[in-house]
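Shown next, in structure tokens, is the structure this report addresses.
Since every read-out is calculated from the coordinates, none of them should be taken as a lab result. Source: prediction; values computed, not measured. Cβ: placed from backbone, ideal geometry, glycine included. Neighbour counts: every protein chain shown.
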Amino acid sequence: MSSLKELSQRKGGITSGHRLCSGCGAGIMARQVMLAAGNYKVVVACATGCLEVATTIYPYSAWKVPWIHNAFENAAATISGVETAYKSLKKQGKIKKDLKFLAFGGDGGTYDIGLQSLSGALERGHDFLYICYDNEAYMNTGIQRSSATPKYAATTTSPYGEVISGKREFRKNITEIVAAHNIPYVAQTAVGYWNDLVTKVEKALEVKGPKFINIFTPCQLGWKYGPEKTLEIGKLAVETGFWPLYEVENGKYKINYKPQEKKPVEEFLKIQKRFNHLFKPERKEKLIQEIQDNIEKGWTELEKKEKCLN
Amino acid sequence: MIKKALTGNEVIAEAMRQIEPDVIAAYPITPATEIVQIFSQFVADGKVKTEFIPAESEHSAISCCVGSSAAGARTMTATSSQGLALMHEILHIAPGLRLPIIMPVVNRALSSPINIHCDHSDTMNARDTGWIQIYSENVQEAYDNLIQIVRISENKNILIPSMVMTDGFVISHGMENVEIAEDRKVKDFVGEYKPVQTILDTDNPFTLGSLALFDSYFEIKRAQEKAIINSKKIILEIAEEFKRKFGREYGYFEKYKLDDAKIALVAIGSISGTIKDAVDSLRGKGKKVGLLKLRVFRPFPAEEIKEALKNTKAIGILDRSLSFSGQGGPIFSEIRSAVFDLKEKLFVLDYIYGLGGRDTTQKEIEEIFNNIELETREDRTIDLIKYVGLKN
Ligand SMILES: Cc1ncc(C[n+]2csc(CCOP(=O)(O)OP(=O)(O)O)c2C)c(N)n1
């Protein structure tokens with residue numbers, strides 16, 4: 001694991017000057033991933049979404065490494081093609097150097113529209129690292145719900161109204177879906193834990209075959225909190241057990257951080273206006289409790305997996 | 001050179017083996033499936049250096065091709081009908097990124113109703129995606145077109161992807177005697193692919209696929225259009241070189257007894273063989289009829305077509321797809337527009353035929369010639385669009 005000092009001296013693949021929002025979690029996420037990958041020669045594919053749109057407005061680019069954007073749902077297929085071309089050219093002696101392949105997709109581009117493309121690429125066993133930056137909605141198009149949007153969060157297509165309290169379903173567990181592909185390395189990490197994030201990216205890049213890291217990435221505009229709170233919210237997601245930091249290495253589960261005592265989820269919910277209706281005009285105890293119970297259920301399941309599968 | 005009896009799918013797989021691209025990504029669909037099957041066997045037997053990606057859909061197959069081509073690999077895929085429709089979004093992206101991907105397409109009708117047989121709805125639906133489109137009349141042409149197209153797409157002033165078409169079942173599964181060149185001769189002709197820039201070049205990183213807004217998008221798209229227009233010249237140059245080396249002649253189109261024809265048909269694909277027989281038969285009865293068999297549909301050779309048709313009095317266009325209330329089928333609207341400003345008025349009629357694989361006979365073609373003669377007599381108002389062999 002690289003130290004903070006080493007990282008600070010490393011040239012990352014993405015620079016400042018991009019047009020992501022102030023306090024954007026995706027910018028922090030991309031910077032840390034690219035610093036962690038900074039000792040390798042990397043090629044990046046990126047799905048349509050905030051990260052792509054805000055970093056590559058022609059004729060400018062914030063990327064210092066070869067970078068390709070194809071479409072919204074096909075970052076995994078695109079990187080499959082890049083990696084296969086590399087394999088072919090390397091086999092023929094037309095390219096000598098060692099390269100690493102990275103793909104970035106938002107939760108929309110990963111959980112929803114890009115799920116098939118991702119699944120196909122994982123099953124075919126291409127040698128690449130897929131990073132899902134999960135900001136829990138389609139942010140680029142104006143905060144529409146995705147299958148990663150948590151229950152009761154208000155988005156522009158799951159608004160809070162007279163009869164409905166925001167999104168009606170619990171989120172999809174993509175990390176487990178990916179783990180079911182039996183690939184060598186799957187992990188969850190969060191913006192707010194640079195150490196955990198960088199360690200996981202470095203670890204993943206050492207492994208051959210498909211790798212997947214799901215990064216909890218707060219979005220100030222979509223979640224409706226002040227831009228200075230991004231890291232705090234990332235931390236609260238982990239401290240409440242809402243977003244466990246864990247990894248699945250060759251099928252073995254490991255929870256990387258277990259809060260001594262989990263904070264009540266309310267602390268995470270309360271500071272984001274997307275959950276406002278759970279507290280105002282009156283407190284909706286049942287709904288908050290439902291979220292809390294779901295966290296406990298998920299955590300217990302994860303602990304069981306850690307116990308049984310290691 | 002060897003003579004062999006091969007089907008269209010076999011000949012395409014054979015040409016692909018000889019071209020030996022670096023990467024193929026594909027997904028099966030009738031009637032193109034065999035191409036990928038045969039090629040997979042070449043890979044399994046170690047006959048090619050190609051890396052094969054058995055993608056989980058056509059959308060991903062073409063997406064893989066975009067990644068692979070951007071990485072500087074000579075890249076191919078093959079598909080048909082629903083598969084091409086599923087690729088549609090990425091069909092626009094490949095030429096936008098100036099990636100010379102090569103794709104044989106076996107023409108098949110589009111759903112619904114589902115139908116596996118030939119018509120041209122699939123590739124006509126893709127005609128404005130920015131790909132070069134070349135149609136084949138028979139198995140030999142399919143082979144020759146595929147070999148030529150690599151050089152056209154990969155020309156560094158062009159860098160536009162290409163589709164080479166064969167009619168589903170009629171060509172794809174029809175067996176013909178064809179001339180297959182030696183491997184070395186094909187390899188020498190297509191040469192090695194030397195990409196202008198690649199995203200594997202980490203020493204010279206660049207961003208491919210940026211967001212380009214109202215200040216730049218228009219110019220980028222116009223530059224892309226110029227490239228496909230410029231491919232017209234290259235298509236003829238490559239055809240010329242191909243003729244010298246392989247002995248067979250190609251142009252934008254073939255003129256069959258056209259020069260002194262008063263009535264002519266314009267068609268693409270396998271129906272041209274039937275039309276040639278009909279022309280011969282009618283010529284035997286003293287009728288001045290002919291055929292313009294269009295090979296290159298994109299880039300559209302409007303000026304040359306106008307020139308070739310200028311001495312005819314009336315022409316019939318054979319369209320094997322519908323544009324559902326448009327001004328006739330897609331070939332009709334292009335050709336009619338191309339001949340619009342000829343000094344002498346030229347009657348142009350559209351004959352929609354063969355949808356979903358319906359057979360069109362020589363007799364029906366002869367009736368079309370008769371019908372054109374009848375319809376364009378001066379005292380008649382013309383019904384522009386007809387449907388050949390449609391039951392009441
Ligand atoms: C096929 C297709 N459908 C819809 C869109 C419109 N679109 C662009 S980005 C986006 C949402 C992206 O959401 P996500 O993947 O979560 O990334 P984020 O914007 O949140 O970073 C949508 C719906 C598109 N570009 N392509």
Quiz item: Once label points are set 7 Å from the Cα along Cα→Cβ at both B:Lys47 and A:Asn182, what is their separation, rounded to one decimal in nm?
Solution: 3.3 nm
Quiz item: On alpha-carbon atoms, Rg over Rh for the stretch B:253-387 using Kirkwood Rh?
Solution: 0.92
Practice problem: At 0.36 nm per residue, minus the direct Cα-Cα distance, what do B:Lys343 and B:Phe206 gain on full extension? Give it in nm, one decimal, please. | Solution: 44.2 nm
Quiz item: For chain B, the longest stretch holding no trypsin sites (Lys or Arg not before Pro) located in a DSSP loop with at most 10 other Cβ atoms within 10 Å is which?
Solution: B:1-155
Practice problem: At q = 0.09, 0.12, 0.16 Å⁻¹, what is the base-10 log of I(q)/I(0) for the stretch B:64-199 according to the Debye formula with one equal point scatterer per Cα and no solvent? Please give it to two decimals. | Solution: -0.27, -0.48, -0.83
Quiz item: Rounded to the nearest 0.05, what FRET efficiency is calculated for B:Glu192 and A:Val207 with R0 set to 41 Å and r the Cβ-Cβ distance?
Solution: 0.75
Practice problem: Could you tell me whether the stretch A:1-124 comes out rounded, prolate or oblate from its Cα gyration tensor? Rule is a ≥ b ≥ c as square roots of the eigenvalues, rounded for a/c under 1.5, then prolate if a/b exceeds b/c, otherwise oblate. | Solution: oblate
Exercise. Take the Cα pairs of chain B, get the Kirkwood Rh, then feed it into Stokes-Einstein at 25 °C and 0.890 mPa s and tell me D in µm²/s.
Key: 114 µm²/s
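Once R0 is set to 25 Å, what does the formula 1/(1 + (r/R0)^6) return for the Cβ-Cβ distance between A:Ser22 and A:Phe279, expressed as a FRET efficiency to the nearest 0.05?
0.45
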Quiz item: What GluC sites (Glu not before Pro) does the stretch B:298-368 have in DSSP loop regions with at most 13 other beta carbons within 10 Å?
Solution: B:Glu344
Quiz prompt | Whether the stretch B:20-88 is rounded, prolate or oblate, judged on the alpha carbon gyration tensor where a/c under 1.5 counts as rounded | solution = oblate
Self-check item: trypsin sites (Lys or Arg not before Pro) lying in DSSP loop within the stretch A:184-293, provided at most 14 other Cβ fall within 10 Å
Solution: A:Lys208, A:Arg283
Quiz item: Using a ≥ b ≥ c from the Cα gyration tensor of the stretch B:146-199 (square roots of the eigenvalues), is it rounded, prolate or oblate, where a/c under 1.5 gives rounded and otherwise the larger of a/b and b/c decides, a/b for prolate?
Solution: oblate
Exercise. Have a look at the stretch B:1-58 and give its Rg and Dmax from the Cα atoms, expressed in angstrom.
Key: 11.4, 38
Quiz item: On average, how many beta carbons from a partner chain sit within 10 Å of the beta carbon of a residue in B:68-80?
Solution: 5
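As an exercise, identify the chymotrypsin sites (Phe, Trp or Tyr not before Pro) in the stretch B:287-392 lying in DSSP coil whose Cβ has no more than 16 other Cβ atoms within 10 Å.
Those that pass, being in a loop and sparsely packed, are B:Phe324, B:Phe340.
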Quiz prompt | Distance violations [Cα-Cα > 27 Å] among A:Lys252/A:Lys273; A:Lys97/A:Lys203; B:Lys245/B:Lys293; B:Lys221/B:Lys313; A:Lys151/A:Lys229; B:Lys233/B:Lys262 | solution = A:Lys252/A:Lys273; B:Lys221/B:Lys313; B:Lys233/B:Lys262
Practice problem: For the stretch B:313-321, just list the computed ³J(HN,Hα) in residue order, Karplus coefficients 6.51, -1.76 and 1.60, θ = phi - 60°, integers in Hz, with x standing in for Gly and Pro. | Solution: 9, 8, 10, x, 9, 9, 10, 9, 7
Exercise. Any chance you could list P(r) for the stretch A:196-310, counting all Cα-Cα pairs in 5 angstrom bins from zero, rounded to whole %?
Key: 2, 10, 18, 19, 19, 15, 9, 6, 2, 1, 0
Self-check item: Pairwise label distance in nanometres, A:Glu162 with B:Glu176, each label 7 Å out on the Cα-Cβ vector
Solution: 7.0 nm
Quiz item: Spin-label point model (7 Å from Cα, Cβ direction): what's the B:Thr361 to B:Leu213 distance in nm?
Solution: 6.4 nm
Quiz item: What does the charge count near B:Val178 come to, summing +1 for each Lys or Arg and -1 for each Asp or Glu among other residues with Cβ under 15 Å from its Cβ?
Solution: -3
Quiz item: Cross-link list B:Lys4/B:Lys47; A:Lys100/A:Lys297; A:Lys11/A:Lys208: which exceed 26 angstrom alpha carbon to alpha carbon?
Solution: A:Lys100/A:Lys297
Self-check item: Placed amide H near B:Gln133: partners under 5 Å, 5+ positions off or other chain
Solution: B:Met163, B:Phe297, B:Arg298
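For the stretch B:339-381, what D do you get in µm² per second when you plug the Kirkwood radius from alpha-carbon pairs into Stokes-Einstein at 25 °C and 0.890 mPa s?
198 µm²/s
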Quiz item: Which value results for Rg/Rh of the protein assembly as shown when Rg is the Cα radius of gyration and Rh the Kirkwood radius based on the inverse mean 1/r?
Solution: 1.06
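Per residue, how big is the convex hull of chain A when only Cα atoms are used? Give it in Å³.
Hull volume normalised by residue count: 129 Å³.
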Self-check item: Per-residue average of Cβ from other chains inside 10 Å of B:211-224
Solution: 2
Quiz item: Along the stretch B:65-82, what does the Karplus equation 6.51 cos²θ - 1.76 cosθ + 1.60 (θ = phi - 60°) give for ³J(HN,Hα), rounded to whole Hz, x for Gly and Pro?
Solution: 4, 4, x, 5, 5, 5, 7, x, 9, 5, 10, 9, 8, 8, 7, 6, 6, 4
Practice problem: Return the long-range amide H neighbours of A:Ala153 (sequence gap of 5 or more, or a different chain), with a cut-off of under 5 Å between placed amide H atoms. | Solution: A:Lys167
Practice problem: Name the residues whose placed amide hydrogens come within less than 5 Å of the amide hydrogen of A:His69, ignoring near sequence neighbours (fewer than 5 apart) on the same chain. | Solution: A:Cys46, B:Leu208, B:Gly209
Quiz item: Taking each residue of A:57-68 in turn, how many C-beta atoms of other protein chains fall within 10 Å of its C-beta, and what is the average?
Solution: 6
